[in-house]
Structure formats: C-alpha cells, structure tokens
Amino acid sequence: MTIWQTLILASIAVLALKLAGYLVPASLVEKPTPARVANLLTVALLSALIMVQTVGGAQGIVVDARVPAVIVAAVLFALRVPFIVVVAAAALVAALIRLWT
C-alpha cells in the first residue's frame, strides 16, 4: 500500500467517523455523563499530544530544553497569564537553555 492509498483510506475513515457522529441522538449527548466524558477526553488527548511532542524522540524519550519550557508554560497558565506572554516566556526559557547547553 502506497502512502497515497493510506492517506485516502485514512481520510475516508475520518469522514465516516464524522458522519457517524451525526447519527448519535441529541438526548444522549446532552446528558451530564457523556458531556463530561467528552470534555475530559479532549483534555486527555491534547495532554498526550503535548507530551509526545515534548519528550518523544526517534528512538525513545528525549529530555531537552522543551521540558522546562512546557513546565514554565504550565505554571504561567495556572497563574492565568495571557497566552502571548506564556508563549514568549516558554520560548525564552527554551532558547536560553539551548544557548547554555
């Protein structure tokens, strides 16, 4: 199977999954438990993506300047600092660490 065949197959699968979402009755989605699970699942998937992109390497776990930058960003988000300041501070931390190492 070529990369294009895989890409087309994955696109069809995603479209089918999206269309299947319209078949779910609104009464099921509006209940508190499914709504809470959907909200928590979104946060969990985003957290997993951030961790994979932060510490994931070609052969395993890589700890470099990204880890302290993400920690700084998390602390600043907890303090409710504006987003642009969080991004700038995390970038500055990563840049300084890479400068020193």
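Determine whether region 27-43 contains at least one residue that is among the polar types (S, T, N, Q), within 16 Å of the chain's Cα centre (by Cα) and part of a helix (DSSP H, G or I).
Taking region 27-43 first, the residues among the polar types (S, T, N, Q) are 27, 33, 39, 42.
From the residues that got through so far, the ones that are within 16 Å of the chain's Cα centre (by Cα) too are 39, 42.
Adding the requirement that they be part of a helix (DSSP H, G or I) leaves 39, 42.
Yes, because at least one residue in region 27-43 is among the polar types (S, T, N, Q), within 16 Å of the chain's Cα centre (by Cα) and part of a helix (DSSP H, G or I).
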- If we scan region 62-69, do we find a residue that is surrounded by 10 or more Cβ atoms within 10 Å (Cβ to Cβ) and of a type in the set (Lys, Arg)? yes
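Quickly run through region 53-62 and pick out the residues that are β-branched (Val, Ile, Thr) and farther than 16 Å from Ala73 by Cα.
So the first thing to find is which residues in region 53-62 are β-branched (Val, Ile, Thr), and the list is 54-55, 61-62.
Result: Ile61, Val62.
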- Item | Residue in region 76-101 that is surrounded by the fewest Cβ atoms within 10 Å (Cβ to Cβ), counting only those that are within 17 Å of the chain's Cα centre (by Cα) and not small (Gly, Ala, Ser) | Phe83
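Conditions tested, residue by residue: (1) touching a residue at least 24 places away in the same chain (Cβ under 8 Å); (2) in contact with a strand residue (DSSP E or B) (Cβ under 6 Å, 6 or more places away or on another chain); (3) of a type in the set (Val, Ile, Thr); (4) within 30 Å of Gly21 (Cα to Cα).
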residue	(1), (2), (3), (4)
Ile50	no, no, yes, yes
Val55	no, yes, yes, no
Val62	no, no, yes, no
Ala65	yes, no, no, no
Val70	no, no, yes, no
Ala73	no, no, no, no
Leu79	no, no, no, no
Pro82	no, no, no, no
Val85	no, no, yes, no
- Does at least one position in region 51-58 carry a residue that is modelled with pLDDT of 90 or more and surrounded by 10 or more Cβ atoms within 10 Å (Cβ to Cβ)? no
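The values are calculated or read from the model by the stated rules, or taken from the named source; none is laboratory data. This one's a predicted model, so the numbers in the text were calculated from it and none came from an experiment. Positions of Cβ are backbone-derived with ideal geometry, glycine not excepted, and every protein chain shown enters the neighbour counts.
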